[in-house]
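Reviewing the structure listed below.
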Amino acid sequence: MADPHTPFSNGTDPLNQREREILACMAEGLSNQEIAARLVLAGNTVRWYNSQIYSKLGVSNRDEAVQQARALGLLDPTPETLAREGKHNLPEPATDFVGRRREMRELQALIADQRLVTILAAGGMGKTRLSMEIARTQVGAFSDGVYFVPLAPLSAPNDIVTTIADTIGFVFHGQTPPTQQLVSFLKDRAMLLMLDNFEHLMEGAGLISDIIKYTSNIKIIVTSRERLNLQGENVYGLRGLVFPTWETPEDAMEYDAVKLFLQSAKHVRSDFELHPDDRGFLARICRLTAGMPLGIELAAGWVDVLSLEQIAGELQRGIDILETEMRDLPERHRSLRATFEQTWTRLTPDEQAAFARLSVFRGGFTLEAAEAVAGATIRHLRKLAQKSLVQSEANERYSIHELLRQFGEDKWAETEELRVIQGKHAAFFADFMAERDRDMRSKRQIEALKLIEPDFENVRSAWQVVVSHQTWDQLPKFLHSLWFYLDMRNSAQAGATFLEPAVKLLRSISPNITTDLSLGQVLARLSWFTRDVGSFESSAVLGDEAIRILRDLDSPEDLLFALFNRALPEWFQNRPDRVLEFSQEGLALAESIGNKSWAGVFLTWVGAAYVYHDIDLALRFTEEGVVILEEHNDHQGLLHGAVVLSLIKELQHDYEQASFWAERLRLGAQALGNVFLYALPFVVQGRILLAQKDDAGARANLGKGLQLYWDAGYRWFIAFPLTYVVQWLAERKELEKAVEVRAAIDGQLVRFQQADRVARALYDQLKAQMDPDRFAAAWSRGKSRDLGQWVLALLAEL
């Protein structure tokens, strides 16, 4: 808890302007990542400011910091603190309200301006609890009271009138119709009515219309799984709590979904504690429930008998674990399946069929995809959206909450259509990826990446169906665009996970021309991803097998890729003869089929092979290749050309041109989203600035490059930037630390030619400069410390 005896009770402001800004963001419920984006700060910088704020306020976490700051008047008061005492019947909550700060702000603003607000969401999304918290902030703002009217127990629309009257204390009299009496009574009243669970009483919506039409100071909040479709209705779609993907483990506690799980778990087991090893499983639980509050609470209800790993595993298998025997929960909330069944039974048979078929989609879908795969029209989507089963997203897309999608999938699996719909879905996204492949071979590479992004989970699902159904003729449609997307998005491990099952299955079945071609195509891409996670030897074996297969088959485009894939790691490992061998074969093949882009790529790699042997020849071939790539707007090919040209110009001491090509590489990699190549120019600039004796510039650039490689998970490549950090330390005469870091990377294969040369030269230089015993002691210290510890310590310094 916050310390009430704050040292700042004299009224002075303990926080500087930046700390106040960050504190205000905390009060809005923003995560560290969101604060960093809003204030243009690094994530580590935000965390440092957080610790400063906690220290100054005498607290230990952000919730306490916000509470203490409000008590000190350092933040604007909330509507809750401003709410005056007034008439209401709001029940006292059994638990603390968690999260929803953004939703609270938006709904408060909406209610201030509008008279009828419908909070629309599927069952289990937390509509009731949120609406009661909103209503609580309005207590005192309405002279005749704030009233919670539960409609779930009602069975007939006519009962709404008497239920509202009973709640607000109005007694009917005479022969005048009850609706007219109630509206007349409300005409001169100032009141907020919160009508909870309206969806099964839609024929009673006319009463709401009459109240709004014939009164002037009555406001109404409705919670429903279905919109009322009234004029003047303002629909607020409610989604799940923010859940973690997360940046760093220490940020886990910022997420509302995590907070709700922990609160719920402690009600089940008072001694429950989240251990560091459980964070990943908790993140998975929150993702599998997609932040649905009821799903999170029901999952947390199992902590007395299951570990978090077991709960996540059960959730992965389906939604039936999401149930409870708690007697004080409404019947409709004791099982998520029962909650969803209530909505399902209100759908027409046609709507049920459409929703079940739409559950084949993962991560959303377009109208075009819905029509082609599920036969769902815009009318179907509109009806399902009105019943909170489908949500409209940006860029003309639609989505289904993951738990609802699983429910629909279960319904659909009970029919005969399962394999048919899966096949339609797979065929649609095979064609979709084939179209992206054509984009990538034109001027639309960046656009193609943006188009794949929102449908990546659909592509993953479609690929798995193609492999499991063994529809090998569909496989080539995916491969090149799938590789391109995963490579640009630095998802090598995901790429290997995609492709390994296909290789295993293809090797297990009887071979024919189609399966052999598929095997060669998949092996070439798997070889790429295997290298990209640091397994160079395995990558070479897979790549050589792909080349042997593809040379015997008529698939020159795939053979070109396989040859390029083999040339690249050979250059990393300082084998220029092998680079030249693969590149010359690729160049001859590309020219023979008239593929200018591939010819440009291989010309740059012929140039790369000559870099350390004949730099003039290297420059000639590389510049020729880059000209071709520029003519064909091959953005990806130009990245590799920029890598080689920046190195050539650096070796020629033409630092202006080296910086020019490094910057082109950075901008091109940024546009395509490739972190690996985006990080490289920072290290190149660091080397250039070291040569120019710019200590501060070298430090900043090397630190940035090191941070990017480390954060992106390129641990196998981390010795590359660290080599130049060693050089920077040596030039600053921090010899012992330079030796320690050089020792730490000694066991790492430095897979970059120039870095390898520099690392060996630095070893000799440092050994010559230092007393032997002192050198040996520093070397021993460096060897004994984990490389990750060195990286984190250096990042703090750089």
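The values are calculated or read from the model by the stated rules, or taken from the named source; none is laboratory data. Keep in mind that what you see is a predicted model, and the values were worked out from it rather than measured. Heads up, the Cβs are rebuilt from the backbone with ideal geometry, glycines too, and the neighbour counts pull from every protein chain shown. Protein only, heavy atoms only, side chains kept; ligands, DNA and RNA dropped before computing areas. Shrake-Rupley method; radii C 1.70, N 1.55, O 1.52, S 1.80 Å.
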(request) Using the Cα centre as the reference, give the magnitude of the dipole from point charges on the C-beta atoms of the chain (Lys, Arg: +1; Asp, Glu: -1; all else neutral), rounded to the nearest 20 debye. (result) 760 debye
(request) Keeping the other protein chains in place, figure out the carbon and sulfur percent of the accessible area of the chain, with a 1.4 Å probe. (result) 49 percent
(message) Compute the angle between helix 62-71 and the longest alpha-carbon principal axis of the chain, please, reported from 0 to 90 degrees and rounded to the nearest 10.
(response) 50 degrees
(request) Taking 7 Å along the Cα-to-C-beta vector as the label spot, tell me the ALA671-LEU230 distance in nanometres, rounded to one decimal. (result) 5.3 nm
(request) Compute the distance in nm between two label points, each set 7 Å from the Cα along the Cα-to-Cβ direction, one at GLN52 and one at ALA37. (result) 2.4 nm
(request) Return the FRET efficiency for the residue pair ASP210, SER468: r is the Cβ-Cβ distance, R0 is 56 Å, and the value is rounded to the nearest 0.05. (result) 0.50
(request) In whole Å, largest first, what are the principal axis extents of the Cα atoms in the chain? (result) 106, 74, 50
(message) Could you tell me the calculated FRET efficiency between LYS450 and VAL541, based on Cβ-Cβ distance and R0 = 30 angstrom, to the nearest 0.05?
(response) 0.30
(request) Given a cut-off of 31 Å, name the pairs among LYS259/LYS383; LYS383/LYS443; LYS266/LYS411; LYS477/LYS596; LYS213/LYS383; LYS266/LYS704 whose C-alpha atoms lie farther apart than that in the structure shown. (result) LYS259/LYS383; LYS383/LYS443; LYS266/LYS411; LYS266/LYS704
(request) Work out how much length ALA394 to THR176 would gain on full extension: take 0.36 nm times their residue separation and subtract the Cα-Cα distance, in nm to one decimal. (result) 73.6 nm
(message) Can you compute the FRET efficiency between LEU367 and ASP764 using 1/(1 + (r/R0)^6), with r the Cβ-Cβ distance and R0 = 56 Å? Round to the nearest 0.05.
(response) 0.25
(request) Enter the angle in degrees (range 0 to 90, nearest 10) between the Cα long axis of helix 635-651 and the first principal axis of the Cα atoms of the chain, meaning the one along which they spread out most. (result) 50 degrees
(request) Treat each spin label as a single point 7 Å out from the Cα along the C-beta direction, and report the GLU797 to GLN310 distance in nm. (result) 4.8 nm
(request) May I ask you to compute the full-extension gain from SER155 to PHE97, defined as 0.36 nm times their residue separation minus their alpha-carbon distance, rounded to one decimal in nm? (result) 17.9 nm
(request) Taking only protein heavy atoms into account and a 1.4 Å probe, give the accessible area per residue of region 596-682 in Å². (result) 37 Å²
(message) Run the numbers for PHE272 and SER508: contour at 0.36 nm per residue of separation, minus the present Cα-Cα distance, in nm.
(response) 80.2 nm
